[in-house]
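**Q** One structure coming up, written as C-alpha cells, with questions to follow.
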Amino acid sequence: MPIVARNDLRQEIRNIVRDKKATVGVAVQTSDGRCFTLHNSRCYPLMSVFKFHVAVAVLQRMERESISPNSLITLDASWLPYGTYSPLRDRNPSRNVRLSLAELIRYTVSLSDNCTCDRLIAFAGGIEAVDRCARKLRIGRFRLSETEATMHEDIQRSYNNRSTPRSIVRMLRKVYDGDGLSTESFALLEQVMLATSTGSEKLKAGLPESIRLGHKTGHSDRTVRGILIGDNDAGVVYLPDGRRYYITVFIRDSKESDETNASVIAAISKAVYDWVCITPAP
C-alpha cells in the first residue's frame with residue numbers, strides 16, 4: 001500500500017481548492033501525534049461551530065454547581081423568536097417549553113438550534129463566560145463575543161466569533177482527552193456530537209459509511225453581495241483500530257454554491273482519511 005506523504009496531502013488539498021472562489025483552512029491532529037495545517041495563519045468565522053464551546057461551558061457550570069443534566073429550563077416566547085433556525089420552536093408553536101439541560105445541549109449541538117444555543121449561553125453566564133472557559137484550555141487564537149441573536153441582528157458580526165482551524169482541533173483533542181470535563185459530562189457531549197444530523201454532505205460524506213464521526217457544523221447566511229461568510233465542519237473521526245483524529249475545515253468568504261462548498265469539505269475529508277489510514281505512525 002503506498003505511503004501518502006504530508007507534502008502529497010498538502011498538494012492534494014491545494015488541488016481541491018485551487019479554482020474555488022473562497023479561502024479554505026484545514027487542521028488535522030492524530031492521536032499518534034501527527035499534525036497538518038493549511039492556511040492556518042488567519043482566523044475564520046466560526047458560525048455554529050462555536051456551539052461546541054457553549055456546550056463545554058454549560059457542562060462545566062453544571063459540574064461546579066452539581067446541577068443535574070435532568071434539571072429543567074424554561075424557554076418562553078422571548079427565547080424562541082422567529083427569523084432564526086430553531087427546530088425546537090418549529091416543533092412547539094406554543095413557544096413555551098420546559099426542557100432538561102441534556103435536551104437543550106442535544107438541540108444545540110446535534111440539531112444546531114440557535115434559540116437553545118442562546119438560552120445555554122445565558123445559563124453559562126454570557127458569551128464572555130464561554131470565551132473565558134475556552135481560554136482556560138490554552139488552545140491558541142480564537143475569540144467569542146457574539147450570540148446567535150447579535151449575529152442575526154447584523155450579519156457582519158458573524159466575523160467576530162472566530163478561530164484558526166488549529167485552535168479548534170486543539171480544543172477538540174483536549175476535551176476528548178479528558179481536559180476540562182468529568183467522565184459523565186464528556187459522555188453526554190460525546191453522545192450529542194455523534195448524533196449530529198446537520199452537514200451529512202460535509203466531513204461525513206468523505207468517510208466510509210462504517211466510520212463514526214462526532215462533529216459540529218457551521219453555515220452562515222449570505223451577504224447582500226451573495227458571499228457566504230462561513231461554511232464549516234469540525235470533529236473527531238473514530239478509526240476501527242481505536243485511534244482517533246481531529247479535523248477542522250473552514251471555508252471563508254465563498255462565492256461558490258452551498259453544494260460546491262460541501263463537496264470541497266467532503267473531498268478534503270477523504271484526502272485526510274486516506275493520509276491518516278495509509279501513512280504509518282511515527
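**Q** Please go through region 189-212 and give me each residue that is over 14 Å from the mean Cα position of the chain (by Cα) and either surrounded by 20 or more Cβ atoms within 10 Å (Cβ to Cβ) or of a type in the set (V, I, T) (or both), ordered by number.
**A** Step one: filter region 189-212 for residues over 14 Å from the mean Cα position of the chain (by Cα), giving 191, 201, 205-212.
Answer for region 189-212, where residues must be over 14 Å from the mean Cα position of the chain (by Cα) and either surrounded by 20 or more Cβ atoms within 10 Å (Cβ to Cβ) or of a type in the set (V, I, T) (or both): G206, I211.
**Q** How many residues does region 225-266 contain that are in contact with a helix residue (DSSP H, G or I) (Cβ under 8 Å, 6 or more places away or on another chain), within 16 Å of F50 (Cα to Cα) and charged (D, E, K, R)?
**A** Total satisfying the criteria: 2.
**Q** Given the criterion assigned to a strand (DSSP E or B), in contact with a strand residue (DSSP E or B) (Cβ under 6 Å, 6 or more places away or on another chain) and modelled with pLDDT under 95, identify the matching residue among T74, T37. Please lay out each step first, then the result.
**A** Working: T37 fails: modelled with pLDDT under 95.
The conditions single out T74.
**Q** I would also like to ask the following. Look through S112, S41, S100 and report the one residue that is polar (S, T, N, Q) and over 30 Å from I13 (Cα atoms). Can you show your working first?
**A** On the way: S112 fails: over 30 Å from I13 (Cα atoms); S41 fails: over 30 Å from I13 (Cα atoms).
The match here is S100.
**Q** Does region 41-52 include one or more residues that are under 29 Å from H152 (Cα atoms), touching a residue at least 24 places away in the same chain (Cβ under 8 Å) and of a type in the set (V, I, T)?
**A** yes
**Q** Something else now. Do you know which residues across region 15-34 are in contact (Cβ under 8 Å) with a residue 60 or more places away in the chain and surrounded by fewer than 23 Cβ atoms within 10 Å (Cβ to Cβ)?
**A** Taking region 15-34 as the starting set, the residues that turn out to be in contact (Cβ under 8 Å) with a residue 60 or more places away in the chain are 16-17, 20-34.
I16, V17, K20, K21, A22, T23, Q29, T30, S31, D32, G33, R34 - these are the residues of region 15-34 that are in contact (Cβ under 8 Å) with a residue 60 or more places away in the chain and surrounded by fewer than 23 Cβ atoms within 10 Å (Cβ to Cβ).
**Q** Based on this model, can you work out whether Y245 counts as free of Cβ contacts under 8 Å to residues at least 40 places away in the same chain and under 19 Å from the mean Cα position of the chain (by Cα)? Talk me through it step by step, then tell me what you get.
**A** Values: free of Cβ contacts under 8 Å to residues at least 40 places away in the same chain: no; under 19 Å from the mean Cα position of the chain (by Cα): yes.
Here the answer is no, as Y245 does not meet what is asked.
**Q** From E201, E209, E190, grab the single residue that is closer than 21 Å to L111 by Cβ and without any contact (Cβ under 8 Å) to a residue 40 or more places away in the chain. Quick ask: steps written out before the conclusion?
**A** Details: E201 fails: without any contact (Cβ under 8 Å) to a residue 40 or more places away in the chain; E209 fails: closer than 21 Å to L111 by Cβ.
Every option except E190 fails the conditions.
**Q** Now for a separate question. Filter region 157-170 down to residues that are assigned to a helix (DSSP H, G or I) and touching a strand residue (DSSP E or B) at 6+ places or on another chain (Cβ under 8 Å) and give me whichever is farthest from L46 (Cα to Cα). Even if it seems obvious, please write down each step before you answer.
**A** From region 157-170, those assigned to a helix (DSSP H, G or I) are 157-159, 165-170; that's our starting set.
Subset that is touching a strand residue (DSSP E or B) at 6+ places or on another chain (Cβ under 8 Å): 158-159, 165-170.
Working: S158: 8, Y159: 8, P165: 9, R166: 12, S167: 11, I168: 9, V169: 13, R170: 15 Å.
Checking each candidate, the answer is R170.
**Q** Pick from region 137-156 the residues that are part of a loop (DSSP other than H, G, I, E, B) and among the hydrophobic types (A, V, I, L, M, F, W, C): which of them is surrounded by the most Cβ atoms within 10 Å (Cβ to Cβ)?
**A** Going through region 137-156, the residues part of a loop (DSSP other than H, G, I, E, B) turn out to be 137-141, 144-147, 154.
When the remaining residues are screened for being among the hydrophobic types (A, V, I, L, M, F, W, C), the result is 137, 139, 144.
On the way: L137: 17, I139: 22, L144: 24.
Among those residues, the one meeting the criterion is L144.
**Q** Give me the helices (runs of 4 or more DSSP H) completely within region 83-136, filtered to those with at least 1 residues that are crowded, with 24+ Cβ neighbours inside 10 Å, ordered by residue number. Break it down into steps so the answer makes sense when it comes.
**A** Values: elements: 87-91, 101-109, 114-124, 127-135.
Here the list reads 101-109, 114-124, 127-135.
The values are calculated or read from the model by the stated rules, or taken from the named source; none is laboratory data. None of these values were measured; they are calculated from a predicted model. Cβ coordinates were reconstructed from backbone atoms using ideal geometry, including for glycine residues, and neighbour counts include every protein chain displayed.
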